[in-house]
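A.B. asks: Sharing a structure with you now.
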Amino acid sequence: MKKSDLTYKRSFFYSFGILCLAVILSNCVWKPEKVGNEKLIVCTTTIIGDAVKLLVKDKFEVLTLMGAGVDPHMYEAKPSDVRALGNARVIIYNGLHLEGKMTDLFERMNDEKDIIAFSNGMEAKRLIKLNAHSKDPHVWFDPILWLQGIKECATQLSIIFPREKEFILGNYAKIESDLLNLHSTITESLNEIPKEQRVMITSHDAFHYFGKAFNLEVLAIQGVSTVSEPGLKDVSNLVNLIVKRKIKAIFVESSVSSKSITAVIEGCKSKGQVVKIGGTMYSDALGDKKSGADTYLGMMERNVKTLVNALKSR
Ligand SMILES: [Zn+2]
């Protein structure tokens, strides 16, 4: 063998060795590539979708899985939802088990998708504990807490899409100012309700954050989730309380059956107390376009107007 052939062979094996080593090393730190339609952001509820649309405007396509008036506690992903999630570049959800039946799906997708939970940005001390293991998921009813979730979302989206950072953070600043204004407007409006009537009774326990943020007593027939049906005892306890405190109105919810509320009204009637349905509260989902509650700000304003009109003194 000629000397030049030997040098060629040595240099070939040397380069091949380096290449193998590079492949082995790169495999050690290999992470699955984030896949999906680069412009598609998929959100779970209409309330989350509204915040995300305000952050990214028309720079991205924002798809919301659950429509207006849909109950997130009971929601199961349809085949079209699984396809949309698979196609998404980013998935955004509430967290704290609001989307009870979808949480497993998000955990399984964690390696291949960028997933943002609003609740990750919220101060732990502001969250309401239900028991040792779980927290109340209806966080959007405290505008300040909700703002923390939107900020988390804006920060994460700026990291995922660094070129849009300035745009997203600029839009966040406008939302921040709107939500701080909303907080003051609600505080002012609720002052029209006399002290003894500052009680909000609804179908399911969605309004504890609202009560805490605005100093209002909040009661419900059903628990925090709509999964379990209310019992007769829950209805009769509430009837006794309404009669004792002469409460004028109770409220139905757009995303929950009004069956239990009707049972409470009948119960009060049998004890000689007339209590009326004060109106519909938007709780876990926004309303349709006609309702005026098709945005977060619209929903909060509509709820407060309904509450004040039904409970203020005449
Ligand atoms: Zn709920």
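A.B. asks: Quick one: which residue in 226, 280, 295 is among the hydroxyl-bearing types (Ser, Thr, Tyr), at pLDDT below 90 and touching an Asp or Glu at 6+ places or on another chain (Cβ under 8 Å)?
C.D. replies: On inspection, the qualifying residue turns out to be 226.
A.B. asks: Kindly provide the set of residues from the stretch 214-223 that are at pLDDT 85 or above and either farther than 16 Å from residue 278 by Cα or more than 16 Å from the ligand (Cβ to nearest atom) (or both), ordered by number.
C.D. replies: Residues satisfying the conditions are 214, 215, 216, 217.
A.B. asks: On to the next question. For the stretch 153-178, which positions are buried (at least 18 other Cβ atoms within 10 Å of the Cβ) and within 21 Å of the chain's Cα centre (by Cα)?
C.D. replies: Across the stretch 153-178, the qualifying residues are 153, 154, 156, 157, 158, 168, 171, 172, 175.
A.B. asks: Continuing with this model, one more query. Just for the stretch 108-137: of the residues that are outside any helix (DSSP H, G or I) and touching a helix residue (DSSP H, G or I) at 6+ places or on another chain (Cβ under 6 Å), which one is nearest to the ligand (Cβ to nearest atom)?
C.D. replies: Here the answer is 136.
A.B. asks: Turning to a different aspect of this structure: Quick check: anything in the stretch 61-77 crowded, with 17+ Cβ neighbours inside 10 Å, in contact (Cβ under 8 Å) with a residue 12 or more places away in the chain and polar (S, T, N, Q)?
C.D. replies: Yes, that holds for at least one residue.
A.B. asks: Look through the stretch 237-289, keep the residues that are among the polar types (S, T, N, Q) and assigned to a loop (DSSP other than H, G, I, E, B), and return whichever of them is farthest from the ligand (Cβ to nearest atom).
C.D. replies: Out of the qualifying residues, it is 273.
A.B. asks: Is it the case that residue 105 is at pLDDT below 95, touching a Leu at 6+ places or on another chain (Cβ under 8 Å) and either part of a loop (DSSP other than H, G, I, E, B) or not acidic (Asp, Glu) (or both)?
C.D. replies: Judged against the criteria, residue 105 is a match.
A.B. asks: Also: Taking the conditions exactly as written (in a loop (DSSP other than H, G, I, E, B) and free of Cβ contacts under 8 Å to residues at least 12 places away in the same chain), does residue 173 satisfy them or not?
C.D. replies: In short, no.
A.B. asks: Does residue 98 count as within 16 Å of the ligand (Cβ to nearest atom), touching an Asp or Glu at 6+ places or on another chain (Cβ under 8 Å) and closer than 30 Å to residue 214 by Cβ?
C.D. replies: Answer is yes for this residue.
The values are calculated or read from the model by the stated rules, or taken from the named source; none is laboratory data. Just so it is clear, the structure is predicted and the values come from calculations on it, not from any experiment. Every residue, glycine as well, gets a Cβ built from its backbone with ideal geometry; the counts of neighbours run over all protein chains shown.
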